[in-house]
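Right, one structure below, let's go through it.
The values are calculated or read from the model by the stated rules, or taken from the named source; none is laboratory data. This is a predicted model, so every value here is computed, not measured. Don't worry about glycine lacking a Cβ; one is built from the backbone with ideal geometry, like all the others, and counts go over all protein chains shown.
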Amino acid sequence: MNKSERNALISFLSIYVGSAMLLIGVLFYFYFQEQIKSLRNSCSMELINASMKVKTDILNSYMHEKEYLPKAFENERIRYALYDKDKKFLFSNLDRDDAVDFTKRFYEKAQQHFFVQKLEEKNIPIKYIVIETCQGVENINNLKVYLTIIFLLSSVFIGFVAFFLSKILLKPVREKVVDMDNFIKDSAHELNTPISVLMTSVSMLKNGKNPEKMMKYILSSSKQISQIYNDIHFSAFNDINESLEEEFYLNELVEESVEFFNDISVTKNIKIEASIEKLKVYMDRTKAQKLVNNLLSNAIKYSNNNSTIELRLKDAILEVKDFGIGINIDEQKEIFKRFKRGKNIEGGFGIGLDIVNRICKTYNLNLNLVSEENKGSIFTVNLKNVVK
């Protein structure tokens with residue numbers, strides 16, 4: 001992963017995780033507020049019930065003319081205190097006596113919740129009942145810890161999801177970048193061979209060495225460069241869906257292509273043997289030319305030196321057979337995709353067969369490949385759908 005890809009990944013993760021955590025944070029905040037409200041209401045009801053129980057016991061005792069004897073609650077977290085009219089305590093088992101505020105009814109202070117119940121009965125010296133509990137605060141603190149843990153776990157989970165999602169999303173982009181990088185390198189390599197031959201031939205021609213042979217090499221190299229340029233231009237700038245269909249004789253076009261590539265194949269001493277029948281078709285002439293040219297170009301690239309290429313146009317079937325390196329079974333599944341190549345021995349950068357495949361799909365032509373490693377390949381195109 002290069003620096004640009006790493007920066008893009010970090011930016012994506014920052015935005016994705018940041019926005020996701022912001023949304024979760026807002027949801028957690030509102031959830032926390034609702035839970036706090038619920039816990040406080042629950043705590044308030046618990047303290048009110050406790051104060052009512054104490055008040056009832058006090059009233060019962062004084063109704064029977066008995067002194068009230070304070071008793072502890074079964075729930076040890078609930079404590080209480082009794083105060084007279086001057087707010088002096090008569091009994092207390094509170095944790096924090098100094099936290100009592102008689103001006104409030106229900107409040108939170110010093111990690112405790114308090115409820116103050118006032119008695120209005122005249123004959124009873126007890127005027128205030130103060131109930132204290134730490135349960136509500138503990139529940140709130142537990143809620144905070146629980147939500148914090150959930151938030152952190154959610155952050156980690158979202159981070160992992162974002163990372164793997166980014167890897168999935170960036171994978172095709174990464175593959176495209178790698179393909180384009182290889183395409184540029186292979187294009188330079190592909191152009192280097194004919195240019196080198198061209199320069200060498202011109203130099204030798206100046207020195208008067210074998211001018212006839214050098215002219216053949218110059219012609220071959222020039223046509224190779226022209227073919228490479230045409231393929232790149234067609235693949236990059238031509239819309240495969242834009243066509244100018246017309247009637248023409250395909251056999252004449254094929255004969256021109258054979259003559260053209262015979263000049264190119266001379267550098268590898270490859271001979272093209274052609275058996276061509278007359279065939280009238282209705283399709284775009286440029287695309288038909290690209291179809292034939294790229295099949296022949298591919299055959300030359302992957303054929304061995306001093307070999308033969310057989311081309312046949314018969315019964316509306318175009319067949320190009322070479323005796324080169326062949327293509328294994330796994331590569332045959334991918335060979336028609338753009339920038340995909342077989343064993344790169346003689347160059348090529350993976351757009352020729354992609355052009356052939358796209359043209360065949362445009363006209364619904366059946367394209368077939370039969371190949372065996374180290375024995376050669378046979379490409380056949382059924383042209384019956386465009387025969388006139």
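The residues on offer are Ala188, Ala110, Ala162, and the sole one that is surrounded by 18 or more Cβ atoms within 10 Å (Cβ to Cβ) and modelled with pLDDT under 85 is Ala162. Among the listed residues Lys278, Lys314, Lys290, identify the single one that is among the basic types (Lys, Arg) and touching a Ser or Thr at 6+ places or on another chain (Cβ under 8 Å). So the residue among Lys278, Lys314, Lys290 that is among the basic types (Lys, Arg) and touching a Ser or Thr at 6+ places or on another chain (Cβ under 8 Å) is Lys314. Looking across region 131-149 at every residue that is hydroxyl-bearing (Ser, Thr, Tyr) and surrounded by fewer than 16 Cβ atoms within 10 Å (Cβ to Cβ), the one that is farthest from Ser51 (Cα to Cα) is identified as Thr148. Looking at region 85-94, can you tell me whether even one residue there is at positive phi, in a loop (DSSP other than H, G, I, E, B) and touching a residue at least 40 places away in the same chain (Cβ under 8 Å)? Among the residues of region 85-94, at least one is at positive phi, in a loop (DSSP other than H, G, I, E, B) and touching a residue at least 40 places away in the same chain (Cβ under 8 Å), which makes the answer yes. In this structure, does Ile10 turn out to be without any contact (Cβ under 8 Å) to a residue 12 or more places away in the chain, in the same structural domain as Ser92 (by TED's automatic domain parsing), farther than 25 Å from Ile140 by Cβ and surrounded by 11 or more Cβ atoms within 10 Å (Cβ to Cβ)? So Ile10 passes the test. With the condition kept exactly as written, say whether any residue in region 52-70 is basic (Lys, Arg), touching a helix residue (DSSP H, G or I) at 6+ places or on another chain (Cβ under 8 Å) and not in a helix (DSSP H, G or I). Looking for residues that are basic (Lys, Arg), touching a helix residue (DSSP H, G or I) at 6+ places or on another chain (Cβ under 8 Å) and not in a helix (DSSP H, G or I), one finds none in region 52-70, hence no. Can you name every residue in region 211-251 that is among the β-branched types (Val, Ile, Thr) and at pLDDT 75 or above? Those that are among the β-branched types (Val, Ile, Thr) and at pLDDT 75 or above: Ile218, Ile225.
The set of residues in region 27-51 being among the small types (Gly, Ala, Ser) and either modelled with pLDDT under 85 or in contact with a helix residue (DSSP H, G or I) (Cβ under 9 Å, 6 or more places away or on another chain) (or both) consists of Ser42, Ser44. Any idea which of (1) touching a helix residue (DSSP H, G or I) at 6+ places or on another chain (Cβ under 8 Å); (2) hydrophobic (A, V, I, L, M, F, W, C); (3) in a helix (DSSP H, G or I) is the one Phe73 doesn't satisfy? Exception for Phe73: condition (3).
Test Asn123 against the stated conditions and say whether it is assigned to a loop (DSSP other than H, G, I, E, B) and surrounded by fewer than 16 Cβ atoms within 10 Å (Cβ to Cβ). Criteria met by Asn123. Might you let me know whether region 348-355 holds any residue that is touching a helix residue (DSSP H, G or I) at 6+ places or on another chain (Cβ under 6 Å), among the small types (Gly, Ala, Ser) and at pLDDT 90 or above? Within region 348-355, not a single residue is touching a helix residue (DSSP H, G or I) at 6+ places or on another chain (Cβ under 6 Å), among the small types (Gly, Ala, Ser) and at pLDDT 90 or above. Checking each residue in region 264-285 for being without any contact (Cβ under 8 Å) to a residue 40 or more places away in the chain and β-branched (Val, Ile, Thr) picks out Ile270, Ile272, Ile276. The set of residues in region 358-388 being in a strand (DSSP E or B) and hydrophobic (A, V, I, L, M, F, W, C) consists of Leu367, Leu369, Val370, Ile378, Phe379, Val381, Val387.
Ser201 fulfils the conditions (1) in a helix (DSSP H, G or I); (2) modelled with pLDDT of 80 or more except for a single criterion, (2).
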